[in-house]
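The next block holds one structure in the form of structure tokens; read it before the comments.
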Amino acid sequence: MTDETQWLGQRFEDHRAHLTAVAYRMLGSASEADDAVQQAWLRLDRADTAGVRNLRNWLTAVVAHICLDILRARKARREELVGALPADLPIVPADTVDPEQEAVMADSVGLALLVVLDTLTPAERLTFVLHDLFDLPYAELAPILGRTPAAAAQLAVRARRRVRGTSIVDTDRSIADERAVVDAFLMAAHAGDFDALIAVLDPNVELHADGVAVPSGQPVRMHGARRVTASALMFSARARHTRPALIDGHVGLVVAPNGILDCLLAFTITDHRITTIDIIADPQRLATISLAVPDMTQLPRPEA
């Protein structure tokens, strides 16, 4: 290894954490993020960087290009796989990364945010991640997308609305009230607290689960607080993979181990109690649902 290559390699390592953070938020997969960063190093090693004034931004743009290509290829594969289903349908990537590493990274980004980002187009996702999460100016985003800065700004507005759920939230309802009830349900389920679950459920609560959500493959219907509570306690092991999200404008729960969508829990809430729980795992149903992050102020900001 030449002194120049060694020097360049050290400068690259100085930015590796930042590049990995960008790639993971773009791709939602630790193994794909690592591959994208490694490809960026190979391009850097072959490139003439004599005229590069800001290596961090240059590398960010390279990683963004690589991630955009991966997202577009992923979307094309989905169209082939799901046929008539919407191409936005989240699917599980075939990763071989350490599950613990994936879980830590997913939690640092926000499980619900990862799932919502997966519903954006590749261009929307890149624009939202680089501008809203990493503060990259539109003027630097535009060349990556092959668009004008104004067009990039419009993409960001559209992505931001979809992530926030601005277009689907009923302003006459109190999202905060729903969030309090759903948080209480999740906390009680996670703790395995029977009495706390009973307190948040209507005595005549109904639970519906589609066949995909149930090991037997048969849909389930259940009535009564005590029966539903018993089922919710069985859910406690998965509660750590669960986060609040807006489901068609109402506060519900996203179950996403390692940031990969498994199922949704949609609630009907009346007088501060849950009257119905709908567990949705069927891909065709999931594809028709609008998801958003309930509180943008709670989005984790990247440290690198």
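Is at least one residue of the range 268-284 in contact with a Pro (Cβ under 9 Å, 6 or more places away or on another chain) and either closer than 17 Å to Leu197 by Cβ or of a type in the set (Asp, Glu) (or both)? If you could, list the steps in order and put the result at the bottom.
Going residue by residue through the range 268-284, those that are in contact with a Pro (Cβ under 9 Å, 6 or more places away or on another chain) are 273, 283.
Pick out the ones that are also either closer than 17 Å to Leu197 by Cβ or of a type in the set (Asp, Glu) (or both) and you get 273.
Yes, because at least one residue in the range 268-284 is in contact with a Pro (Cβ under 9 Å, 6 or more places away or on another chain) and either closer than 17 Å to Leu197 by Cβ or of a type in the set (Asp, Glu) (or both).
Out of all the residues in the range 271-287, is one or more at pLDDT below 85 and part of a loop (DSSP other than H, G, I, E, B)? Before the answer, list the steps.
Of all residues in the range 271-287, those at pLDDT below 85 come to 287.
Then keep just the ones that are part of a loop (DSSP other than H, G, I, E, B); that gives 287.
For the range 271-287, residues at pLDDT below 85 and part of a loop (DSSP other than H, G, I, E, B): present.
When the range 15-54 is examined, which residues are found to be surrounded by fewer than 18 Cβ atoms within 10 Å (Cβ to Cβ), in a helix (DSSP H, G or I) and at pLDDT below 90?
If the condition is that a residue be surrounded by fewer than 18 Cβ atoms within 10 Å (Cβ to Cβ), in a helix (DSSP H, G or I) and at pLDDT below 90, then Ser31, Asp45, Arg46 are the ones that fit.
Kindly check whether there is at least one residue in the range 197-207 that is among the β-branched types (Val, Ile, Thr), touching a residue at least 12 places away in the same chain (Cβ under 8 Å), touching a helix residue (DSSP H, G or I) at 6+ places or on another chain (Cβ under 8 Å) and not in a helix (DSSP H, G or I). Outline the logic, then answer.
First, the residues of the range 197-207 that are among the β-branched types (Val, Ile, Thr): 198, 200, 205.
Filter again for touching a residue at least 12 places away in the same chain (Cβ under 8 Å), leaving 198, 200, 205.
When the remaining residues are screened for being touching a helix residue (DSSP H, G or I) at 6+ places or on another chain (Cβ under 8 Å), the result is 198, 200, 205.
Checking the rest, the ones that are also not in a helix (DSSP H, G or I) come to 205.
Yes; the residues of the range 197-207 include at least one that is among the β-branched types (Val, Ile, Thr), touching a residue at least 12 places away in the same chain (Cβ under 8 Å), touching a helix residue (DSSP H, G or I) at 6+ places or on another chain (Cβ under 8 Å) and not in a helix (DSSP H, G or I).
Within the range 225-260, which residues are modelled with pLDDT of 90 or more and in a helix (DSSP H, G or I)?
Matches in the range 225-260: Ala225, Arg226, Arg227, Val228, Thr229.
Looking at the range 121-154, which of its residues are hydrophobic (A, V, I, L, M, F, W, C), in a helix (DSSP H, G or I) and under 18 Å from the mean Cα position of the chain (by Cα)? Break it down stepwise before answering.
Of all residues in the range 121-154, those hydrophobic (A, V, I, L, M, F, W, C) come to 123, 126, 128-130, 133-134, 136, 139, 141-142, 144-145, 150-153.
Next, from what is left, pick out any that are in a helix (DSSP H, G or I): 123, 126, 128-130, 133, 139, 141-142, 144-145, 150-153.
Hits for the range 121-154 are Ala123, Leu126, Phe128, Val129, Leu130, Leu133.
Within the range 213-226, can you find the residues that are at negative phi and in contact with a strand residue (DSSP E or B) (Cβ under 8 Å, 6 or more places away or on another chain)? Break it down into steps so the answer makes sense when it comes.
Within the range 213-226, the subset at negative phi is 213-216, 218-223, 225-226.
If the condition is that a residue be at negative phi and in contact with a strand residue (DSSP E or B) (Cβ under 8 Å, 6 or more places away or on another chain), then Ala213, Val214, Pro219, Val220, Arg221, Met222, His223, Ala225 are the ones that fit.
Which one of Phe128, Phe194, Phe185, Phe134 is in contact with a strand residue (DSSP E or B) (Cβ under 7 Å, 6 or more places away or on another chain) and not β-branched (Val, Ile, Thr)? If you could, list the steps in order and put the result at the bottom.
Values: Phe128 fails: in contact with a strand residue (DSSP E or B) (Cβ under 7 Å, 6 or more places away or on another chain); Phe194 fails: in contact with a strand residue (DSSP E or B) (Cβ under 7 Å, 6 or more places away or on another chain); Phe134 fails: in contact with a strand residue (DSSP E or B) (Cβ under 7 Å, 6 or more places away or on another chain).
Testing whether each residue is in contact with a strand residue (DSSP E or B) (Cβ under 7 Å, 6 or more places away or on another chain) and not β-branched (Val, Ile, Thr) leaves just Phe185.
The values are calculated or read from the model by the stated rules, or taken from the named source; none is laboratory data. Not measured: the values here are computed from a predicted model. All Cβ positions, even for glycine, are placed from backbone atoms using ideal geometry, and neighbour counts span all protein chains on display.
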